[in-house]
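Heads up, the thing below is written out as structure tokens.
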Amino acid sequence: MYVPRAFAESDIHLLHQQMQATPLPVLVTHGSQGLVASHVPLLLNPDEGPNGTLYGHLARANPHWQALAQGAEALVIFAGEQAYVSPSFYPSKAEDGKSVPTWNYLAVHAYGQAQVFDDAERLLALVSRLSNKHEAGRAEPWSVSDAPRDYIDSMLKAIVGFSLPITRLNGKRKLSQNRSAADQAGVRNGLLASNNPQDHALAQLIAKE
């Protein structure tokens with residue numbers, strides 16, 4: 001990922017927050033099958049290893065897990081808030097007209113080599129934690145234990161788990177930091193005038209810069 005200095009984010013706590021707030025990152029590998037990508041929910045253990053460790057699973061029918069088993073380096077893309085930035089947001093446009101459209105966004109790229117596993121109890125613990133995470137906050141959260149154990153056992157045979165110790169992290173927060181204070185305020189106000197909730201979310205982030 002191309003990261004100009006003005007947009008670089010290296011605070012590991014902020015990077016982990018972004019990763020944990022991204023419900024469906026993209027797992028990418030390049031191996032004997034060529035480039036392969038899968039959209040997978042993941043769990044982050046921030047305290048395991050210097051950069052944390054990711055955990056997830058793939059369908060056994062998905063050949064992507066074989067690339068992981070072969071030791072291919074993996075890239076996991078965590079895309080955060082994003083918004084189109086119109087040149088009309090910039091007060092400086094009225095002065096010299098030297099403005100072009102751009103995009104503001106947050107992104108984290110995590111790299112590492114995964115280890116796959118298919119131990120039933122380990123898989124059960126993983127899918128239970130994933131379910132608990134995404135069911136949290138619901139009035140009546142569903143639990144893996146709500147389903148018959150023989151059914152869950154059959155489902156576990158159809159997946160392959162993996163752990164991915166993170167060897168390096170790249171973070172990018174592109175929030176108009178390279179513009180003047182007046183232009184940053186113009187971007188913030190322009191996004192707040194939008195009907196898109198994601199534009200509003202990004203505007204709040206710009207306000208904190």
Structure-based [θ]222 nm, the chain - -39500 (n - 2.57) summed over DSSP H runs of at least 4, per residue, nearest 500: -9500 deg cm²/dmol
Rg to Rh quotient for region 62-209, alpha carbon positions, Kirkwood Rh: 1.16
All Cα pairs of region 152-209, percent lying beyond 13 Å: 70
Å² of accessible area per residue within region 71-164, as computed with a 1.4 Å probe and no ligands counted: 55
Residues with amide H under 5 Å from that of Glu73, placed H, sequence gap 5 or more: His30
20 Å Cα-Cα reach of Lys93 towards aspartates and glutamates, excluding residues that sit fewer than 8 places from it in its own chain: Asp183
For region 107-157 versus region 32-50, the gap between their alpha-carbon centres in whole angstrom: 15
Helical segments meeting 15 Å axial Cα length and Kyte-Doolittle 0.0 threshold in the chain (DSSP H): 181-192
Over 23 Å [Cα-Cα, region 24-130], rounded percent: 43
Solvent-accessible area, 1.4 Å probe, carbon plus sulfur percent, for region 122-192: 52
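What is the percent carbon and sulfur in the accessible area of region 18-115, measuring with a 1.4 Å probe over the protein chains and ignoring ligands?
Percent of accessible area from carbon and sulfur atoms in region 18-115: 56.
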In order through region 158-172: 3J(HN,Hα) via Karplus (6.51 cos²θ - 1.76 cosθ + 1.60), integer Hz, x for Gly, Pro: 9, 10, 10, x, 8, 10, 9, x, 7, 8, 7, 10, 10, x, 9
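The values are calculated or read from the model by the stated rules, or taken from the named source; none is laboratory data. In this text the structure is predicted, and so the values were computed from the model without any measurement. Keep in mind that these areas ignore ligands, DNA and RNA; they rest on the heavy atoms of the full protein, side chains included. Shrake-Rupley method; radii C 1.70, N 1.55, O 1.52, S 1.80 Å.
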